[in-house]
Amino acid sequence: MKAKRYAVLLGVMLAAGLTAFAESVPGVFLQEGGWLWAEQKDGIMSASVKMSEGTAISVETTGETDASGNPVAKIKEAEYDGSKGKTLTFAQVKYDGKSYWAISNRFVMRKKPAVLVEDSAMYNTKNLADVINSHLDMGSVVAVGDTVSATGGIDITEVSYYSERLYAVRTVYVKASKISSELDDITAFKILSNIAKTTDLDKKQALFESVATLNMSDAVNDAILKAWSDTFIPDEEDEAENEEPAGL
């Protein structure tokens, strides 16, 4: 009888352990304007929540790891609204306390949001000689992983970003000095992006005033001041072109 009781208890403990192991891990959604999807009764995914790049999510895992030791997300192939029978790979995620599905190449796991505070070269590997013939613009929202020391003692950081050209997340390396993970710096560049999208000067001014309340790093503060100057202080050359000729 005792042996049976212990066997039942062991089974409960193992089940509890497996449940605890198969848990969610932090993630970052990286596609600006991408969607989280809700699964309908017929199994078809329906676009539900429009997302901003750099938004923190939780990703449900199977409890297993891949060959590199990374957690494996719970995924499924499913049709989606308007797909006409085509399928995509979706991963189960949580956002704002609710369960959704995200297209599997729109996010990363075990990284945190950050922003580029300068234009930055990209590297395929941890070797600075392995440079890519393109760059990331200042203000790009990314997700950052580990920072390591490269040749010459320069710190470089693993960075993931959403590539519109590839229509998927891409992972590269950039110099650590060009990255900020501070929330106010990320927010400042997001507001700056909204400023660039509006032509109304009053709205621009209101947005600049909201940025001024943030505790920004020096590099970001300089970028905001330059943007304000470019918006509200005309170029001397432009003023000269607009001046009427003398005597008219």
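The values are calculated or read from the model by the stated rules, or taken from the named source; none is laboratory data. This is a predicted model, so every value here is computed, not measured. With ideal geometry, Cβ positions are generated from the backbone for all residues, glycine too; neighbour counts draw on all protein chains shown. What goes into the accessible areas is simple: the full protein's heavy atoms, side chains included, and nothing from ligands, DNA or RNA. Shrake-Rupley method; radii C 1.70, N 1.55, O 1.52, S 1.80 Å.
Brief remarks on what is shown
- Residue check for A91: closer than 22 Å to E164 by Cβ and either among the acidic types (D, E) or in contact (Cβ under 8 Å) with a residue 40 or more places away in the chain (or both): no
- All told, N242 falls short of being among the polar types (S, T, N, Q) and at pLDDT 95 or above.
- Residue match in segment 151-158 (condition: touching a Leu at 6+ places or on another chain (Cβ under 8 Å), within 20 Å of S181 (Cα to Cα) and not in a loop (DSSP other than H, G, I, E, B)): yes
- Of the numbered criteria (1) among the charged types (D, E, K, R); (2) exposed (fewer than 15 other Cβ atoms within 10 Å of the Cβ); (3) modelled with pLDDT of 95 or more; (4) under 16 Å from the mean Cα position of the chain (by Cα), the one R170 fails is (2).
Results for (1) open to solvent by less than 80 Å² (accessible area, probe 1.4 Å); (2) in contact (Cβ under 8 Å) with a residue 40 or more places away in the chain; (3) touching a Lys or Arg at 6+ places or on another chain (Cβ under 6 Å), shown as yes or no for each residue.
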site: S140; (1), (2), (3): yes, no, no
site: Y162; (1), (2), (3): yes, yes, no
site: K178; (1), (2), (3): yes, yes, no
site: F189; (1), (2), (3): yes, yes, no
site: S193; (1), (2), (3): yes, yes, no
site: A196; (1), (2), (3): no, no, no
site: D202; (1), (2), (3): no, no, no
site: A206; (1), (2), (3): yes, no, no
site: K226; (1), (2), (3): no, no, no
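- Filtered by the rule that a residue be part of a strand (DSSP E or B) and polar (S, T, N, Q), segment 109-140 gives S120, N133, S134.
- Note on segment 197-215: residues that are hydrophobic (A, V, I, L, M, F, W, C) and more than 14 Å from L225 (Cα to Cα) total 2.
- Residue match in segment 97-108 (condition: among the aliphatic types (A, V, I, L, M), touching a helix residue (DSSP H, G or I) at 6+ places or on another chain (Cβ under 8 Å) and in a strand (DSSP E or B)): no
- Of the strands (runs of 3 or more DSSP E) lying entirely inside segment 9-78, not one carries at least 2 residues that are among the aromatic types (F, W, Y), open to solvent by less than 60 Å² (accessible area, probe 1.4 Å) and modelled with pLDDT of 90 or more.
- In segment 113-138, the residue that is nearest to I103 (Cα to Cα) out of those that are in contact (Cβ under 8 Å) with a residue 60 or more places away in the chain and open to solvent by 50 Å² or more (accessible area, probe 1.4 Å) is M138.
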